[in-house]
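Written out below as structure tokens is the structure these notes cover.
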Amino acid sequence: MYFSDFGSSGPFAGGTLLVLPVTEVLRMRLGADGHGSLSWPIPNLSVLIGSSKYMQAVFHDSSLPGGFSLSNGSKRNFGP
């Protein structure tokens, strides 16, 4: 899972990476059914109120020309 504080995009492995610049990378494993989960602790900091985090999953897929598959991008807002 790639994370960014910005929602910029750019080409990546024949697709579009929607989380540029990447500021954090967390690895996860998928089961045979293609499902997986990821724990991402969110600290209790007031500085996060009103901020956003952008995320997108990137999967190794040797059947594709670029070798990767990209999920849809997601934006998470923190605070009231």
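The values are calculated or read from the model by the stated rules, or taken from the named source; none is laboratory data. Being a predicted model, the structure only gives us computed values, none of them experimental. Here the Cβ positions follow ideal geometry from the backbone for every residue, glycine too, while neighbour counts run over all protein chains shown.
Looking at segment 45-66, which of its residues are assigned to a loop (DSSP other than H, G, I, E, B), surrounded by 14 or more Cβ atoms within 10 Å (Cβ to Cβ) and at pLDDT 90 or above? Steps first, answer last, please.
Residues of segment 45-66 that are assigned to a loop (DSSP other than H, G, I, E, B), as a first pass: 45, 49-51, 57, 61-66.
Narrowing the set further to residues that are surrounded by 14 or more Cβ atoms within 10 Å (Cβ to Cβ) leaves 57, 64.
Across segment 45-66, the qualifying residue is only Ala57.
Among the residues of segment 67-80 satisfying the criterion of being part of a loop (DSSP other than H, G, I, E, B) and touching a Gly at 6+ places or on another chain (Cβ under 8 Å), which is surrounded by the fewest Cβ atoms within 10 Å (Cβ to Cβ)?
Filtering first and then ranking leaves Gly79.
Somewhere in segment 42-52, is a residue without any contact (Cβ under 8 Å) to a residue 60 or more places away in the chain and in contact with an Asp or Glu (Cβ under 9 Å, 6 or more places away or on another chain)?
Taking every residue of segment 42-52 in turn, at least one turns out to be without any contact (Cβ under 8 Å) to a residue 60 or more places away in the chain and in contact with an Asp or Glu (Cβ under 9 Å, 6 or more places away or on another chain).
Condition first: of a type outside the set (Gly, Ala, Ser) and out of contact with any strand residue (DSSP E or B) (no Cβ under 9 Å at 6 or more places or on another chain). Now tell me which residues in segment 43-63 satisfy that. Don't jump to the end; show me each part of the working.
The initial filter retains those residues of segment 43-63 that are of a type outside the set (Gly, Ala, Ser), namely 43-45, 47-49, 53-56, 58-61.
Hits for segment 43-63 are Pro43, Asn44, Leu45, Val47, Leu48, Ile49.
Which of the residues belonging to segment 12-41 are exposed (fewer than 10 other Cβ atoms within 10 Å of the Cβ) and more than 15 Å from the chain's Cα centre (by Cα)?
Selection gives Gly31, Ala32, Asp33, Gly34, His35.
Is there any pair with a first residue in segment 1-18 that is on the phi > 0 side of the Ramachandran plot and a second that is in a strand (DSSP E or B) and of a type in the set (Phe, Trp, Tyr) whose Cβ atoms are under 8 Å apart and which are 6 or more apart or on different chains, and what are they?
These pairs meet every condition: Ala13/Phe68; Gly14/Phe68.
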